[in-house]
């Protein structure tokens with residue numbers, strides 16, 4: 001387990017629209033751009049194998065792209081290399097961070113200063129949501145999945161711990177990038193669940209409105 005003493009002052013950052021990583025969550029990534037292949041190579045040489053996932057503001061990601069102020073550091077916990085030199089990696093979320101000064105230098109990718117102080121609870125034990133009504137929540141989720149034509153292992157969802165259930169859905173549901181950012185920035189698990197419910201209810205109302213128009 002990584003402690004606060006293991007968190008570095010700077011990290012390579014991987015700006016990726018719509019990609020949400022949460023503490024203790026798992027995010028599979030397909031890495032193929034040369035600059036990020038170089039980043040993965042360098043990260044794998046470090047003791048903790050950490051990099052910072054962060055969303056750009058807007059859909060495009062270039063040298064002048066503005067970045068959101070909060071991201072999440074992930075540890076490369078598995079990787080495979082394809083025959084043509086690409087990486088398939090899995091990141092396990094460690095802690096959110098507040099983005100500091102972005103540094104550019106001789107590397108083809110960006111590094112940035114990390115502010116960890118606001119997110120000490122991310123390194124602790126898994127959170128619980130005592131206000132979660134599973135029956136009501138899963139009924140809403142069923143309607144949302146039907147709307148989006150999504151499938152899942154419902155038995156596993158019913159048995160999942162609070163944090164795994166809420167965070168996995170936050171990461172996997174097809175929300176817009178700004179909505180994913182709101183889920184990331186939620187200060188607690190109950191707040192994230194409330195945000196998740198709001199997003200699903202909005203999608204259902206929008207879907208019902210489109211059906212009426214047709």
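All of the numbers you see were taken from the coordinates with simple rules; none came from a lab. Only a predicted model underlies this, so the values are computations on that prediction, with no experimental measurement involved. Quick reminder, even Gly has a Cβ in these numbers, built from the backbone with ideal geometry, and neighbours come from all protein chains shown.
Quick rundown of the values:
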{"item": "Least to most buried among 128, 68 (fewest other Cβ within 10 Å first)", "result": "128, 68"}
{"item": "Proxy reagent accessibility, fewest Cβ within 10 Å first, across 205, 143", "result": "205, 143"}
{"item": "Linear extension gain, residue 4 paired with residue 147, 0.36 nm per residue minus alpha-carbon span", "result": "47.3 nm"}
{"item": "Theoretical ellipticity at 222 nm over the chain - DSSP helices of four or more residues, -39500 (n - 2.57) apiece, nearest 500", "result": "-11500 deg cm²/dmol"}
{"item": "Rounded to 10°, Cα long-axis angle of helix 34-44 versus longest principal axis of the chain", "result": "80 degrees"}
{"item": "Potential lengthening between residue 65 and residue 158 on full extension [0.36 nm per residue; Cα-Cα distance subtracted]", "result": "29.5 nm"}
{"item": "Label-point separation, residue 45 to residue 77 (7 Å along Cα→Cβ), nm", "result": "2.6 nm"}
{"item": "Interatomic Cα distance distribution for segment 134-213, bins of 5 angstrom, percent", "result": "3, 14, 28, 26, 18, 8, 3, 1"}
{"item": "log10 of Debye I(q)/I(0), alpha-carbon scatterers only, for segment 113-177 at 0.16 Å⁻¹", "result": "-0.66"}
{"item": "Long-range Cα-Cα pairs in segment 1-84 (distance over 15 Å), rounded percent", "result": "60 percent"}
{"item": "Rounded if a/c under 1.5, otherwise prolate or oblate - segment 9-54, Cα gyration tensor axes", "result": "oblate"}
{"item": "Net length gained if the chain between residue 98 and residue 32 were fully extended (0.36 nm per residue, minus Cα distance)", "result": "21.1 nm"}
{"item": "Förster radius 30 Å - calculated FRET efficiency between residue 118 and residue 140, Cβ distance, rounded to 0.05", "result": "0.50"}
{"item": "Alpha-carbon spread of the chain, three principal axes, descending order, Å", "result": "55, 40, 34"}
{"item": "Fewest-first sequence of 119, 97 by Cβ atoms within 10 Å of each Cβ", "result": "119, 97"}
